[in-house]
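Novice: Input: one structure, supplied below.
The values are calculated or read from the model by the stated rules, or taken from the named source; none is laboratory data. Keep in mind that what you see is a predicted model, and the values were worked out from it rather than measured. Please note: Cβ atoms are built from the backbone with ideal geometry, for glycine as well, and neighbour counts cover all protein chains shown. Keep in mind that these areas ignore ligands, DNA and RNA; they rest on the heavy atoms of the full protein, side chains included. Shrake-Rupley method; radii C 1.70, N 1.55, O 1.52, S 1.80 Å.
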Amino acid sequence: MSKRLSETYREYFPIGAAVTPVSIDTHKELLVGHFSSLTAENQMKPGILHPSEHIYNFEQGDVIADFALQNHMLLRGHTLVWHNQTPEWFFKDGGKAASRTLALKRMKEHIYTVMGHYKGRTCAWDVVNEAIADQAEGPALRQAPWLTAVGGDYIEHAFRYAREADSTAKLFYNDYNECDPVKSKKIYELVKSLLERGVPVDGIGMQGHWNIYVPELDKIRRAIELYASLGISLQITELDISLFRFDDGTAYEKAPAELIELQAERYGRIFELLREYKALFTGITFWGIADDDTWLSYFPFRDRKNWPLLFDDQHRQKKSFENITNF
């Protein structure tokens with residue numbers, strides 16, 4: 001092995017990967033060789049971890065937590081409160097909707113139990129995920145089950161419960177399309193209002209599900225500076241660079257060389273920008289490890305192969321890897 005990714009960036013920020021119990025086995029060499037931080041891709045989300053009110057399934061999450069501990073890696077918790085992959089029982093009371101009081105009781109119990117289980121092992125948690133609406137017009141908050149059950153202050157409650165549950169883990173608000181000027185302003189205003197009320201938000205997670213065309217570097221820069229003006233830390237939490245625009249259904253059996261070259265150029269410029277702002281970032285996490293196992297090969301188009309990461313299908317370093325480590 002030549003250059004090690006995490007060692008190259010040791011003086012800049014930790015380099016992480018989203019993993020599963022399967023991928024930490026199938027991609028172990030890459031993980032141990034190149035990454036210093038792990039995030040559970042799905043295994044700490046409520047749908048898997050807390051499928052019914054009195055049942056917690058920590059086994060899969062524990063496999064990841066144990067691997068991180070054994071290999072001296074940081075562990076990010078993902079995610080506590082989200083509109084997706086959260087079982088309906090959280091919001092039901094028999095045949096009717098749960099009251100605000102009951103929904104908050106369940107939220108608090110979930111956060112206390114999950115964070116308590118991983119206390120001392122997680123350096124950070126994505127406390128609330130994707131709460132901002134995508135639409136330019138209308139309410140800032142996404143119409144979501146937690147909003148319906150609790151009201152607009154559900155985000156504040158989630159962060160306060162999280163701080164009570166673990167006084168040491170850094171608490172993040174996490175979202176996508178975070179560089180879009182309209183949405184970034186909404187994210188900024190949300191977190192600003194929370195901080196003004198003394199809500200313990202330590203940072204903003206910029207997911208970073210980008211592609212070889214957008215967002216433009218200037219938009220990424222403006223978003224970084226906007227969020228940083230709040231005086232909190234930043235992380236890129238789910239980075240991948242798709243070869244396709246989001247609504248482009250083009251498919252290839254093999255990654256076109258010219259697109260791989262554009263991807264490498266894009267990664268190089270993005271990491272040059274991130275290095276410039278190294279004082280603001282406390283972690284950069286890729287959403288996956290290598291191109292043979294990425295969610296973008298089935299989303300947004302099912303069975304459309306994509307190649308968004310630094311290592312190819314055979315776990316070999318791509319030109320993108322070279323471009324972010326040769327500086």
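Novice: Looking only at residues in the range 226-257 that are among the charged types (D, E, K, R) and touching a residue at least 60 places away in the same chain (Cβ under 8 Å), which one is nearest to T79 (Cα to Cα)? I'd like the intermediate steps shown before the answer.
Specialist: Of the residues in the range 226-257, the ones among the charged types (D, E, K, R) are 238, 240, 245, 247-248, 253-254.
Remaining after also requiring touching a residue at least 60 places away in the same chain (Cβ under 8 Å): 238, 240.
Working: E238: 12, D240: 19 Å.
The selected residue is E238.
Novice: So K183 passes all but one of these: (1) in contact with a strand residue (DSSP E or B) (Cβ under 7 Å, 6 or more places away or on another chain); (2) of a type in the set (K, R); (3) surrounded by fewer than 19 Cβ atoms within 10 Å (Cβ to Cβ). Which condition number does it fail?
Specialist: Condition not satisfied by K183: (3).
Novice: Which residues, counting only those in the range 272-327, are among the charged types (D, E, K, R), surrounded by 15 or more Cβ atoms within 10 Å (Cβ to Cβ) and within 21 Å of the chain's Cα centre (by Cα)?
Specialist: Answer for the range 272-327, where residues must be among the charged types (D, E, K, R), surrounded by 15 or more Cβ atoms within 10 Å (Cβ to Cβ) and within 21 Å of the chain's Cα centre (by Cα): R275, D291, D292, D293.
Novice: Still on this structure, please answer the following. Considering the range 283-327 alone, what residues qualify as being of a type in the set (V, I, T) and in contact with a Lys or Arg (Cβ under 7 Å, 6 or more places away or on another chain)?
Specialist: T285, T325, listed by residue number.
Novice: List pairs: first residue in the range 310-327 and β-branched (V, I, T), second residue open to solvent by 20 Å² or more (accessible area, probe 1.4 Å) anywhere in the structure, Cβ distance under 9 angstrom, at least six positions apart or on different chains.
Specialist: If the second residue must be open to solvent by 20 Å² or more (accessible area, probe 1.4 Å), the pairs left are I324/T8; I324/E272; T325/S2; T325/K3; T325/R4; T325/T8; T325/Q317.
Novice: I need a count of the residues in the range 109-133 that are touching a helix residue (DSSP H, G or I) at 6+ places or on another chain (Cβ under 7 Å) and either in a helix (DSSP H, G or I) or open to solvent by 10 Å² or more (accessible area, probe 1.4 Å) (or both).
Specialist: Kept after step one, since they are touching a helix residue (DSSP H, G or I) at 6+ places or on another chain (Cβ under 7 Å), are these residues of the range 109-133: 110-112, 114-116, 118, 121, 125, 127-128, 131-132.
Narrowing the set further to residues that are either in a helix (DSSP H, G or I) or open to solvent by 10 Å² or more (accessible area, probe 1.4 Å) (or both) leaves 110-112, 114-116, 121.
Residues that pass the stated criteria total 7.
Novice: As an exercise: evaluate E265 against (1) free of Cβ contacts under 8 Å to residues at least 24 places away in the same chain; (2) part of a helix (DSSP H, G or I) and give the number of the one condition it does not meet.
Specialist: (1)
Novice: Go through the residues of the range 80-96 one by one and say whether even a single one is small (G, A, S) and surrounded by 14 or more Cβ atoms within 10 Å (Cβ to Cβ).
Specialist: Let us first name the residues in the range 80-96 that are small (G, A, S), namely 94-95.
Those still in the list that are surrounded by 14 or more Cβ atoms within 10 Å (Cβ to Cβ) too: none.
No, the range 80-96 contains no residue that is small (G, A, S) and surrounded by 14 or more Cβ atoms within 10 Å (Cβ to Cβ).
Novice: Tell me yes or no: at least one residue of the range 251-263 is hydroxyl-bearing (S, T, Y) and under 26 Å from N42 (Cα atoms). Outline the logic, then answer.
Specialist: Applying the first criterion (hydroxyl-bearing (S, T, Y)) to the range 251-263 yields 252.
Restricting the remaining residues to those that are under 26 Å from N42 (Cα atoms) gives none.
So far as the range 251-263 goes, no, none of its residues is hydroxyl-bearing (S, T, Y) and under 26 Å from N42 (Cα atoms).
Novice: Identify, from the list A158, A169, the residue that is more than 17 Å from P46 (Cα to Cα), open to solvent by less than 10 Å² (accessible area, probe 1.4 Å), of a type in the set (A, V, I, L, M) and in contact with a helix residue (DSSP H, G or I) (Cβ under 8 Å, 6 or more places away or on another chain).
Specialist: On the way: A158 fails: more than 17 Å from P46 (Cα to Cα).
Unique residue meeting the criteria: A169.
Novice: Could you please find all residues in the range 3-22 being of a type in the set (S, T, N, Q) and under 29 Å from L280 (Cβ atoms)? It would help to see each step written out before you state the result.
Specialist: Let us first name the residues in the range 3-22 that are of a type in the set (S, T, N, Q), namely 6, 8, 20.
Scanning the range 3-22 gives S6, T8.
Novice: I've got another one for you. For the range 214-225, does any single residue satisfy the condition of being in a loop (DSSP other than H, G, I, E, B) and either among the basic types (K, R) or crowded, with 21+ Cβ neighbours inside 10 Å (or both)?
Specialist: First pass over the range 214-225, keeping only residues in a loop (DSSP other than H, G, I, E, B): 214-216.
Subset that is either among the basic types (K, R) or crowded, with 21+ Cβ neighbours inside 10 Å (or both): none.
No, that holds for no residue.
Novice: So the check is Cβ under 7 Å with 6+ separation or different chains; which pairs have a first residue in the range 162-188 that's modelled with pLDDT of 95 or more and a second one that's aromatic (F, W, Y) and part of a helix (DSSP H, G or I)?
Specialist: As it stands, the answer is A165/Y112; L171/F159; Y188/Y227, since those pairs meet every condition given.
Novice: Could you check T148 against (1) open to solvent by 10 Å² or more (accessible area, probe 1.4 Å); (2) out of contact with any helix residue (DSSP H, G or I) (no Cβ under 8 Å at 6 or more places or on another chain) and say which number it fails?
Specialist: Single failed check for T148: (2).
Novice: Still on this model: From the residues in the range 157-186 that are assigned to a helix (DSSP H, G or I) and charged (D, E, K, R), which one is farthest from the chain's Cα centre (by Cα)? Quick ask: steps written out before the conclusion?
Specialist: Initially, the range 157-186 is screened for residues assigned to a helix (DSSP H, G or I), giving 157-165, 181-186.
Those left that are additionally charged (D, E, K, R): 160, 163-164, 183, 185-186.
Working: R160: 20, R163: 19, E164: 22, K183: 17, K185: 19, K186: 18 Å.
The extreme case among them is E164.
Novice: Let me ask something additional. Considering only residues of the range 97-108 that are among the hydrophobic types (A, V, I, L, M, F, W, C) and in a helix (DSSP H, G or I), which is surrounded by the fewest Cβ atoms within 10 Å (Cβ to Cβ)? Even if it seems obvious, please write down each step before you answer.
Specialist: Residues of the range 97-108 that are among the hydrophobic types (A, V, I, L, M, F, W, C), as a first pass: 97-98, 102-104, 107.
Cutting the leftovers down to in a helix (DSSP H, G or I) gives us 102-104, 107.
Values: L102: 16, A103: 23, L104: 20, M107: 20.
Per the stated criteria, the residue is L102.
Novice: Please go through the range 32-73 and pick out each residue that is under 21 Å from L310 (Cβ atoms) and buried (at least 20 other Cβ atoms within 10 Å of the Cβ).
Specialist: Scanning the range 32-73 gives H34, F35, S36, S37, L38, T39, A40, E41, I64, A68, M73.
Novice: So, of the residues in the range 226-265 that are under 16 Å from F301 (Cβ atoms) and aromatic (F, W, Y), which turns out to be modelled with the lowest pLDDT?
Specialist: Within the range 226-265, the match that is modelled with the lowest pLDDT is F246.
Novice: Follow-up question, since we're still on this one. All but one of (1) at pLDDT 95 or above; (2) farther than 17 Å from I15 by Cβ hold for P300; state the number of the condition that does not hold.
Specialist: Of everything listed in (1) at pLDDT 95 or above; (2) farther than 17 Å from I15 by Cβ, P300 misses just condition (1).
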